[in-house]
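Heads up: the structure comes next, in structure tokens.
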Amino acid sequence: MLKKTINGLDKILIDDIPKGSVILVTGAEGTLKSGLVFSMMANYLSANDEHGLYITLEQNLESHLRNMKSLGIKEEANLHIFDYRDMRQEWMDSELDLIKTTEEVIDSFKEKYDNLTLFSLDSLNALYSISDPGDMRKKIYNFFTHLRDEELTSFLIMESAQSRMSGQFTQQHQAEHFLADGTIELGMIEGNGGVKRYIQILKMRATKHAMEKHQLTIGDSGPSILGPIY
């Protein structure tokens, strides 16, 4: 179960995330978005005979794995990482429909691994920055539909503008929040005990969940979730 993949996650997820859901994981820089998602996927796959695909546009494979190792997150053989490195020259020479290309990469891995059940894109912001902005809402709708048609439980990482201490976000891409099945928000908040990272589930369709901000920490074995901050 995904809610058992992070110590304390079952404190805020009463029910498990429905299979095939598209989940946004939002937050400012340094709020452990990539670490949380990668840890959830790796821990789930270590206990199941399934496969996952993690696409990163912001780091190459070696850099990503080095960062995950520094957070205490172990690499799993059935969690495949695709970093688009071989296609960067093509981006320089011509416009690339990166959303369509991402769908083709997913289809390729799906053909190779029949039991590919988890997917993550890191990040939507990077995808937008090198994609034609025309009719983006329709493209995102079709992309989300493709993920659901492939029956992939998907985590789409999106950096959001945030006052790092206030915990208040200004959303720049509202379409994703309407179209997604769930939104997990990560952030930082300042209180009497200093600055703390938090996790909060803003939306999770067909799932009972807590609404409060819970403290998110990082230890030798990766992320953990403690009790409510307030």
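The values are calculated or read from the model by the stated rules, or taken from the named source; none is laboratory data. Predicted, not measured: the structure shown is a model, and the values here were computed from it. We place every Cβ from the backbone using ideal geometry, glycine too, and count neighbours over all the protein chains shown. To get the accessible areas, we keep the full protein, side chains included, count just its heavy atoms, and leave off ligands, DNA and RNA. Shrake-Rupley method; radii C 1.70, N 1.55, O 1.52, S 1.80 Å.
May I ask you to list the residues in segment 215-230 that are of a type in the set (A, V, I, L, M) and assigned to a strand (DSSP E or B)? Even if it seems obvious, please write down each step before you answer.
Residues of segment 215-230 that are of a type in the set (A, V, I, L, M), as a first pass: 216, 218, 225-226, 229.
Within segment 215-230, Leu216, Ile218, Ile225, Leu226 qualify.
Step by step: first the residues of segment 102-135, then only those that are crowded, with 16+ Cβ neighbours inside 10 Å and at pLDDT below 90, then the one that is nearest to Gln59 (Cα to Cα). Which residue is that?
Within segment 102-135, the match that is nearest to Gln59 (Cα to Cα) is Ala126.
Which residue, of Ile184, Ile201, is farther than 20 Å from Glu58 by Cβ, open to solvent by less than 50 Å² (accessible area, probe 1.4 Å), part of a strand (DSSP E or B) and at pLDDT 95 or above? Walk me through it before giving the result.
Values: Ile184 fails: farther than 20 Å from Glu58 by Cβ.
When all the criteria are applied, what remains is Ile201.
Yes or no, residue by residue, for (1) open to solvent by less than 30 Å² (accessible area, probe 1.4 Å); (2) out of contact with any Ser or Thr (no Cβ under 7 Å at 6 or more places or on another chain); (3) assigned to a loop (DSSP other than H, G, I, E, B); (4) of a type in the set (Gly, Ala, Ser):
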| site | (1), (2), (3), (4) |
| --- | --- |
| Lys19 | no, no, yes, no |
| Val25 | yes, yes, no, no |
| Gly35 | yes, yes, no, yes |
| Phe38 | yes, yes, no, no |
| Asn43 | no, no, no, no |
| Asn48 | no, yes, yes, no |
| Ile55 | yes, no, no, no |
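Can you tell me which residue among Glu151, Glu212 is at pLDDT 95 or above, open to solvent by 50 Å² or more (accessible area, probe 1.4 Å), within 17 Å of Ile12 (Cβ to Cβ) and not in a strand (DSSP E or B)? Spell out the reasoning first.
Values: Glu151 fails: within 17 Å of Ile12 (Cβ to Cβ).
Only one candidate qualifies: Glu212.
What residue, of Lys11, Lys69, Lys4, is in contact (Cβ under 8 Å) with a residue 60 or more places away in the chain, open to solvent by 20 Å² or more (accessible area, probe 1.4 Å) and basic (Lys, Arg)? Show your work before the answer.
Details: Lys69 fails: in contact (Cβ under 8 Å) with a residue 60 or more places away in the chain; Lys4 fails: in contact (Cβ under 8 Å) with a residue 60 or more places away in the chain.
Of Lys11, Lys69, Lys4, the one residue that is in contact (Cβ under 8 Å) with a residue 60 or more places away in the chain, open to solvent by 20 Å² or more (accessible area, probe 1.4 Å) and basic (Lys, Arg) is Lys11.
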